[in-house]
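Here is the structure we will look at, set down as structure tokens.
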Amino acid sequence: MKSIYTPEYNDLISSLRLARKKADITQEELAKRLNKPQSFISKIESNERRIDIVEFIHICRAINASPTALLQEVGLL
């Protein structure tokens with residue numbers, strides 16, 4: 001099966017996951033901050049669910065990460 005995710009998108013999600021872990025925030029805690037089930041975070045981090053730009057910004061804010069810095073880190077800005 002062909003992936004619908006580009007290498008850049010995969011890198012972005014990896015950076016988001018790493019930022020969450022560096023902030024010492026579990027998937028469960030992040031989900032609570034976003035008022036979502038833990039499976040929402042799990043599906044994003046395992047590429048079962050794609051996120052849009054608004055969700056990306058909300059996640060960044062919830063883990064105290066700069067959306068701009070993460071986009072720059074993966075070469076998207």
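The values are calculated or read from the model by the stated rules, or taken from the named source; none is laboratory data. Here the structure is a predicted model, which means the values were calculated and not measured. Methodologically, a virtual Cβ is constructed for each residue, glycine included, from the backbone with ideal geometry; neighbour enumeration extends over all protein chains shown. SASA here: full protein model, heavy atoms, side chains in, ligands and nucleic acids out. Shrake-Rupley method; radii C 1.70, N 1.55, O 1.52, S 1.80 Å.
Annotations
- Filter pass, Glu45 being open to solvent by 30 Å² or more (accessible area, probe 1.4 Å), touching a helix residue (DSSP H, G or I) at 6+ places or on another chain (Cβ under 9 Å) and not polar (S, T, N, Q): no
- Residues being over 18 Å from Gln27 (Cα atoms) and part of a loop (DSSP other than H, G, I, E, B) - total across the stretch 47-76: 5
- Condition met for Arg61 (modelled with pLDDT under 95, surrounded by fewer than 14 Cβ atoms within 10 Å (Cβ to Cβ) and either farther than 16 Å from Lys21 by Cα or not hydrophobic (A, V, I, L, M, F, W, C) (or both)): no
- Filtered residues of the stretch 29-42 (kept if touching a residue at least 12 places away in the same chain (Cβ under 8 Å) and open to solvent by 50 Å² or more (accessible area, probe 1.4 Å)): Arg33
- Yes/no for Leu77 being touching a residue at least 12 places away in the same chain (Cβ under 8 Å) and either surrounded by 12 or more Cβ atoms within 10 Å (Cβ to Cβ) or over 10 Å from the mean Cα position of the chain (by Cα) (or both): no
- Tallying residues that are open to solvent by 40 Å² or more (accessible area, probe 1.4 Å) and in a helix (DSSP H, G or I) within the stretch 1-26 yields 9.
- Scanning the stretch 64-74 for residues that are free of Cβ contacts under 8 Å to residues at least 12 places away in the same chain and loosely packed, with under 14 Cβ neighbours inside 10 Å turns up Ser66, Thr68, Ala69, Gln72.
- The condition of being over 16 Å from Leu76 (Cβ atoms), modelled with pLDDT of 95 or more and out of contact with any Gly (no Cβ under 8 Å at 6 or more places or on another chain) does not hold for Glu48.
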